[in-house]
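Here the structure comes first, spelled out in structure tokens, and everything after it is commentary.
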Amino acid sequence: MTSAQQVRNVLSEEYRDLIVEDLNDGSAVVRDMSATNTTRGFPVSETLCRCADLLADEGFVIALVRDEDGVYLNAH
């Protein structure tokens, strides 16, 4: 089972609008595309924060990363 599949298994229907994709290093990216991207700060949506808490409670190692598309979770 891929990391993205494991992440999807943990998240409830409430989080199904998040984008979950596998990375080549075996981790998964979780993005909330509804969050606004600003050029300043570290904008993290409330949904992404709750998702990070759920995944950490299930044993995933979580990192918040910012790129040109905003902030995303890296779950491994």
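Tabulated results
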{"read-out": "When the convex hull of its Cα atoms is projected in every direction, mean area for the chain (nm²)", "value": "4.8 nm²"}
{"read-out": "Qualifying chymotrypsin sites (Phe, Trp or Tyr not before Pro) in the chain, DSSP loop, other Cβ atoms within 10 Å at most 11", "value": "none"}
{"read-out": "Which of Glu58, Glu68 has the fewest Cβ neighbours within 10 Å, and the rest in rising order", "value": "Glu68, Glu58"}
{"read-out": "Residue of Asp57, Asp25, Asp17 that the Gaussian network model of the chain assigns the largest fluctuation, springs spanning Cα pairs under 10 Å", "value": "Asp25"}
{"read-out": "Selection from Asn74, Val29, Phe42, by position along the positive dipole direction of the stretch 3-75 (Cβ)", "value": "Phe42"}
{"read-out": "Length added when fully stretched, Met33-Glu21, from 0.36 nm per residue minus Cα-Cα", "value": "3.0 nm"}
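No lab work stands behind these numbers, since they all come straight from the coordinates. What you see is a predicted model, and the numbers here were worked out from it, not measured in a lab. So basically every Cβ, Gly included, is an ideal-geometry build from the backbone, and we count neighbours across all protein chains shown.
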